[in-house]
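The values are calculated or read from the model by the stated rules, or taken from the named source; none is laboratory data. Computed from a predicted model, the values in this text were never measured in an experiment. All Cβ positions, glycine included, derive from the backbone under ideal geometry; neighbour counts span all protein chains shown. Each accessible area value is taken on the protein alone, full model and side chains, heavy atoms only, with ligands, DNA and RNA left out. Shrake-Rupley method; radii C 1.70, N 1.55, O 1.52, S 1.80 Å.
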Amino acid sequence: MLRLVFLCVVAFAALTVVSGQRQVEEVLKWQQVEFDVPASVLSAPDGYIPINNIPMSGVHYKNRVFVTVPRRRWGIPSTLNVVELEPPYPVTNPVLKPYPSFELNELRADLQPDANRLVTVYRPRVDRCDRLWFVDTGMMEIPGNFTVVQRPSIWSIDLKTNQPLSRYEIPQKDVETGYGLTSITLDVDPDDCSKVFVYISDLQTYRMVVYDHENQKSWRFVHNYFFLNPLEGDFNIQGIPFAWDDGIFSIALSNPDPLTKFRTAYFHALSSNSEFTVSTAVLRNETASKRGYHGDDFKLLGYRGAQSQSSIHGFHPETGVIFFALIQLNAVSCWDTRKPFAPQNMAIVYKNDRDIIYPNDLSIDQEGNVWFMSNSIIKLLYTQLSLEEFNFHIWRANIKEIIKGTVCDPTVPPNVDHGQRFGGEQNADRVTFVEYKDKYGPGGGPYGGWGSDDKRKPTGRRP
């Protein structure tokens, strides 16, 4: 059928690009991922299909990097994995070891619910108390055969003993299924490791789920700011035009306020160039989540600039700098939270048009480094992913070094002394109505697709 859609034509206003490449080190890279699992698993029908294994995270803890592979197709032996770091770097095609064990990652043959097994994990995070936290969506996200194996759940694992610590099943009142729960953010009390709030973005139904670990309860927030911006859902990456409708995708937390002890939560939708804020005093309030109107509790912070749609962002507590993974610009940018929020006060600290093809994860470790990952998913979705090329990359950079001398450096004054809430005249949005025929792929149905008739390629909603 034919349908009307918006095409957003935006004049490009680039962020400041740092001259030359800074101290960014490639740590890991893969042509395809392989697993340290029993040979019988690899040889079984649909036990391991290389093209279907697309890593989604690269989270660092001491000498380990946790790499997830969501089950969005058959042939994925393990969803939560670890790589032991051992120089020299980059390490090429390191084998993924199921974490904390293969037994926890192995699916039941009958796909029945099992609280002692993981189904699909996207982007875990490490807290200051040496714990790994993540959401198991509980879903096999296979196109044409979406299977809810079990309820979505929030897990924590002790990184010192490698033993699971907790599992909380998210009730149906908060989410119908785990589909769309692809990133989490941890709010840990500075003095008490038992007091933890977890904020989960739901890009599919445009909600935020809040989990109170101490009291073992959860609730959800609904707000218009969680939706996509319909004028900023059109993309062009590697010369490939497409449209996505992903809502709230990432949440980053500031340091606690010295007086109130609450933090500022910065959040954005993937299909948007805008950033928003809300106090964790609001998010921690279950009663507030039941309101139909939130007044000015949720605020528009401002505009990042044209073509600055971001997947994941992260806050560095020592410098107060936020880093953004920019999916259209194949880059990582920064912003000093003490300066007005405007494109002129942001800098691109690393750009790599050859290897950064969809930067799908970014995190800050306990050692003052920013880690980011690219998984070439755009090639997989719309062209051809070759397993003869390096498709998946993980980089790291020392934060103080990478921002030194840029507008993100706290010692450098801002370029402008006022924020920018919307695009200016030079990058005003212009809307044109066009007709096009629906096709199989993202935006073409309730679950999207991989945009190709090539059956060797995995299909399903983008991450």
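Quick rundown of the values:
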item: Looking only at region 217-232, and only at residues there that are outside any strand (DSSP E or B), touching a residue at least 60 places away in the same chain (Cβ under 8 Å) and touching a strand residue (DSSP E or B) at 6+ places or on another chain (Cβ under 7 Å), the one that is surrounded by the fewest Cβ atoms within 10 Å (Cβ to Cβ); result: 230
item: Among residues of region 152-179, those that are within 13 Å of residue 220 (Cβ to Cβ) and either in contact (Cβ under 8 Å) with a residue 60 or more places away in the chain or of a type in the set (Asp, Glu) (or both), counted; result: 2
item: Scope region 15-32; condition at pLDDT 95 or above and of a type in the set (Lys, Arg); matching residues; result: 29
item: Residue 206 within 18 Å of the chain's Cα centre (by Cα) and farther than 24 Å from residue 70 by Cβ; result: no
item: Candidates 35, 102, 6, filtered to the one that is touching a Leu at 6+ places or on another chain (Cβ under 9 Å) and modelled with pLDDT of 95 or more; result: 35
item: Conditions (1) over 19 Å from the mean Cα position of the chain (by Cα); (2) touching a residue at least 24 places away in the same chain (Cβ under 8 Å): number failed by residue 353; result: (2)
item: Enumeration of residues in region 119-178 that are buried (at least 21 other Cβ atoms within 10 Å of the Cβ), of a type in the set (A, V, I, L, M, F, W, C) and not in a loop (DSSP other than H, G, I, E, B); result: 121, 126, 132, 133, 134, 135, 139, 140, 154, 157
item: Exclusive hit being at pLDDT 95 or above and in a strand (DSSP E or B), set 250, 271; result: 250
item: Selection within region 196-216 - open to solvent by 50 Å² or more (accessible area, probe 1.4 Å) and acidic (Asp, Glu); result: 214
item: Qualifying residue in region 370-378 (condition: surrounded by fewer than 22 Cβ atoms within 10 Å (Cβ to Cβ), touching a Pro at 6+ places or on another chain (Cβ under 9 Å) and modelled with pLDDT of 95 or more); result: no
item: Unmet requirement for residue 277, which otherwise passes all of (1) open to solvent by less than 40 Å² (accessible area, probe 1.4 Å); (2) free of Cβ contacts under 8 Å to residues at least 24 places away in the same chain; result: (2)
item: The listed residue being in contact with a Phe, Trp or Tyr (Cβ under 7 Å, 6 or more places away or on another chain), without any contact (Cβ under 8 Å) to a residue 60 or more places away in the chain, open to solvent by less than 10 Å² (accessible area, probe 1.4 Å) and of a type outside the set (Gly, Ala, Ser), out of 105, 81; result: 81
item: Positions within region 233-269 being within 22 Å of residue 306 (Cβ to Cβ), among the charged types (D, E, K, R) and open to solvent by 10 Å² or more (accessible area, probe 1.4 Å), in sequence order; result: 234, 245
item: Breaking point among (1) in contact with a Phe, Trp or Tyr (Cβ under 8 Å, 6 or more places away or on another chain); (2) open to solvent by less than 60 Å² (accessible area, probe 1.4 Å); (3) farther than 20 Å from residue 365 by Cα, for residue 73; result: (1)
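Each row is one residue, and each column tells you yes or no for (1) surrounded by 23 or more Cβ atoms within 10 Å (Cβ to Cβ); (2) part of a strand (DSSP E or B); (3) at positive phi.
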| residue | (1), (2), (3) |
| --- | --- |
| 313 | yes, yes, no |
| 319 | no, no, no |
| 324 | yes, yes, no |
| 329 | yes, no, no |
| 333 | yes, yes, no |
| 340 | no, no, no |
| 349 | yes, yes, no |
| 361 | yes, yes, no |
